[in-house]
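First up is the structure itself, then whatever we jot down about it.
The values are calculated or read from the model by the stated rules, or taken from the named source; none is laboratory data. This one's a predicted model, so the numbers in the text were calculated from it and none came from an experiment. No Cβ is skipped: glycine too gets one built from the backbone with ideal geometry, and neighbour counts run over all protein chains shown. Calculation scope for accessible area: heavy atoms of the full protein, side chains included, ligands and nucleic acids excluded. Shrake-Rupley method; radii C 1.70, N 1.55, O 1.52, S 1.80 Å.
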Amino acid sequence: MSQNEGTANRPIHQIYIIDDEPDIMLIVTELLSPRQYEVTAFNSATELLEAIRTRPPLAVITDFKMPEITGIEVVRAIREFDQKVRLAILTGFADKDLAIESLNSGVNDLIEKPVTAKKLLDIVEKYRDHREAEEKNEQNEIAEIRGIFLEEARDLYAEIDNEILKLEDVPLDRNVVDSLFRRVHSVKGGSGSVPGAQRLSKMSHEFENALSMIRKGQITPHGGMIDVFLTAADCSRQLFNFIESQTQPDEALEAEIQQIESALQALQRNDEPAAETNSPSDKAKSSATKGESAQDKDDGILVPNERLDDFMRLSGELIVLKNTFDQVASHDDSFHDITQLRRRLGDLMVNLNKMTDELQSLIVSVRKIPLEKALSKVPRLVRQTARTTGKKVALETTGLEMGVDKNLSKALSQCLTHMVRNSVDHGIEAPEERVRSGKSDTGTITIAANESQGVIRVTVTDDGKGINRDKVLRKAVSAGLIEDSQAQSLKDDEIFALLFEPGFSTADQVTDVSGRGVGMDAVKTAVEMHGGKILVSSEPGKGSQFILEIPVPRAVMIEKTVLATLGQRHFAIPLDGINRIVSCKDLQFFEVDGRRRCMLDGNAVITGEYQELLSMTFDRENKELENQSCVFLRAKNRTIGLLVDRIDGQLEAVVKPFDPLTGDLPGLKGTSMFGSDRVAYIVSPESFLNLALESTAA
């Protein structure tokens, strides 16, 4: 880019000049005008001051001696109301006293006459660079203030929907009202210092006034008020997005905000809000969806100071350990024998193992967020879906304080959204139907979460009418998913599996809630993407239960394994998947149905090498196995024996998943490097058992 092009892209700056010599004003104008400066000359100090007030310039250049006023007096008059504009005085003589007086008055530069074009241009360019640097710093400060405000505001409004819904159950709960008031008041107060947040401040003010009247006991929350509050929260979240993008709200949102402000004012008068604001409108729902999308983007994770302190402490310990290793390596001749050196290295390795374990644990803990935060929108979803379908539904939760990996929490949030909506629409009966069946008119959906043995389980239970097996089969036959002839022979788990087929739905018609056959397919896809599975059970007239089982994800997949060798292959077998390891000399092998077995704890366990177990073809004679060892793999009360040539010891394996281009290997979850660039295959006991037992069934 040429200098002229660079200059042309810069903004035009105003330069004001006041001088009683027309030649000086002409020289300055001709010099600066072609260089992206707009020069305005003044003969009167009064006109100059008025122009500065109405349109502040980049700089003012004034002569020192003029008939009616001096340059120093001009500067003092300007500094009374403007500290930002740059000021320069032209003078034919400059001494120490003048320089001191000028600086004390607020002059930035003294320019001695005769002024050269280069000197004048250098000074003005310096002013321009200074102004642009100031503006950039100011923009950075505003951006920082905006970012801090939005982070705090979104955090404050993350749980506001659930608190609003609590007012419906306990309208006069002072703790809930106070918490809501603090959230809205904080957002209103913070928005006052953020450019472009005036619209949010105005609506928050009305929101705050309504909550204040509830605090004073002047109005009592009711269903219509809850809807208005929820929609106000939706609009606020959408305004957060417009503030972030530094744009004005679109016409649809502006119309929605005006309706909500009118509704909030009506509530303050103890009037019923207008009919169109009694429930969140399509525009509000759209705003809420956009707001959720903005919150769903990855903005990182807030890490407590205590965790950062732990990382700092651990980094210091690692540096000390590294220095110790360096010392041992550089003074190995100081050890009297190899035994002493090995003992010292062994001690260092013990410390290193402790530190790496702690580091892995810290990383995993930092990535976790409470599950209840991920599912914060579920209570409102239950309420909205129940109102849409004309049902009464209560939501109960347990175990949601459990921490889960952030990426997994997003998947669970999507899954629970579809499953809860499905339970309300398809599972829970209408109030009158429930009463006829001897039930309470209000249905109950329960979400329970727990973690055990490295598996996260989220259970969704409803006390509705259960899954109609005959209807599922009719729909499946009609959709061509199964043949009519095989419908009656399907087991329950096979029937329930049809619910997760793409496009399958038991709804008789498509509604805003369901009927397109997308939701449960999305649940299955998300769960399987995280290596999990779904278990379904149902009892007619009693309800249904869906259990999501997903392995606990790890930031870095590290397995404590036993390293074993079979031929030219090395296998790393997870310790928690091993029942026991037995020498084949201590086992007695026999065949049943053409498959090699041995007795373990009174059970006949299938036993073989890797390829034998996958193909269920056993070629080796039993007597050839005497020098081998048998690693008994376990998973969910099932056991199978994997024969290996030898056990090489333990390995803390860093698991590298298989490349998508090469594909997975059956029964294995990945590879790990060890020793001198050797590769070990990581055994997956559960998938290995499934593959082997499927071959057995075949």
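Summary of computed values
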{"read-out": "√(5λ) per eigenvalue of the Cα gyration tensor, region 138-260, largest first, Å", "value": "26, 15, 11"}
{"read-out": "Computed FRET value (nearest 0.05) for Ala487 with Thr398, which takes r as the C-beta separation and R₀ as 56 Å", "value": "0.90"}
{"read-out": "Residue order for Val60, Val654 - accessible surface, 1.4 angstrom probe, largest first", "value": "Val654, Val60"}
{"read-out": "Extension reserve of the Lys65-His222 stretch, reckoned as 0.36 nm per residue once the Cα distance is removed", "value": "48.9 nm"}
{"read-out": "Of all accessible heavy-atom area on the chain, the percent that carbon and sulfur account for (1.4 Å)", "value": "49 percent"}
{"read-out": "Formal net charge of residues neighbouring Asp648 (Cβ-Cβ distance under 13 Å; K, R +1; D, E -1)", "value": "+2"}
{"read-out": "Computed accessible area, Ser478, all protein chains, 1.4 angstrom probe, square angstrom", "value": "100 Å²"}
{"read-out": "Loop GluC sites (Glu not before Pro), region 52-150, which have at most 10 other Cβ atoms in a 10 Å radius of their Cβ (DSSP)", "value": "Glu68, Glu80"}
{"read-out": "Neighbourhood net charge (10 Å Cβ-Cβ; Lys/Arg +1, Asp/Glu -1) for Asn108", "value": "+1"}
{"read-out": "Solvent accessible area, Å² - Arg53, 1.4 Å probe, full protein context", "value": "140 Å²"}
{"read-out": "Relative packing of peptides 483-489, 389-395 - highest average C-beta neighbours within 10 Å first", "value": "389-395, 483-489"}
{"read-out": "Inter-site label distance for Lys84 and Glu626 at 7 Å from Cα along Cβ, in nm", "value": "9.5 nm"}
{"read-out": "Value of D in µm² per second that Stokes-Einstein yields for region 420-463, Kirkwood Rh from Cα pairs, at 10 °C (1.306 mPa s)", "value": "134 µm²/s"}
{"read-out": "Label of the coordinate-derived value, semi-axes √(5λ) of the Cα gyration tensor in Å, listed as (1) 44, 28, 27; (2) 68, 44, 22; (3) 75, 26, 21", "value": "(2)"}
{"read-out": "For the chain, calculated [θ]222 nm from helices alone, where every DSSP H run of n ≥ 4 adds -39500 (n - 2.57)", "value": "-15500 deg cm²/dmol"}
{"read-out": "Sparse-neighbourhood loop sites, trypsin sites (Lys or Arg not before Pro) in region 543-639 - DSSP loop, at most 14 other Cβ within 10 angstrom", "value": "Arg620, Lys636"}
{"read-out": "Whole-number accessible area per residue in Å² for the chain, which is evaluated in the context of all protein chains at 1.4 Å", "value": "53 Å²"}
{"read-out": "Within-12-Å neighbourhood charge of Arg313 [Cβ basis; K, R +1; D, E -1]", "value": "-4"}
{"read-out": "Solvent exposure, largest accessible area first (probe 1.4 Å, DNA, RNA and ligands not counted), of Leu314, Leu49", "value": "Leu49, Leu314"}
{"read-out": "Largest-first ordering by accessible area, 1.4 Å probe, given options Lys406, Lys65", "value": "Lys65, Lys406"}
{"read-out": "Overall form of region 363-513 per C-alpha gyration tensor (a/c, 1.5; a/b vs b/c)", "value": "oblate"}
{"read-out": "Shape of region 301-442, Cα gyration tensor, a/c cut at 1.5", "value": "prolate"}
{"read-out": "Cα gyration tensor category, rounded, prolate or oblate, for region 1-142 with a/c compared to 1.5", "value": "prolate"}
{"read-out": "Pairwise centroid distance, computed over Cα atoms, of region 137-183 with region 348-371, Å", "value": "33 Å"}
{"read-out": "Inter-label distance for Gln36 and Arg55, nm, one decimal - labels placed 7 Å from Cα along Cα-to-Cβ", "value": "1.9 nm"}
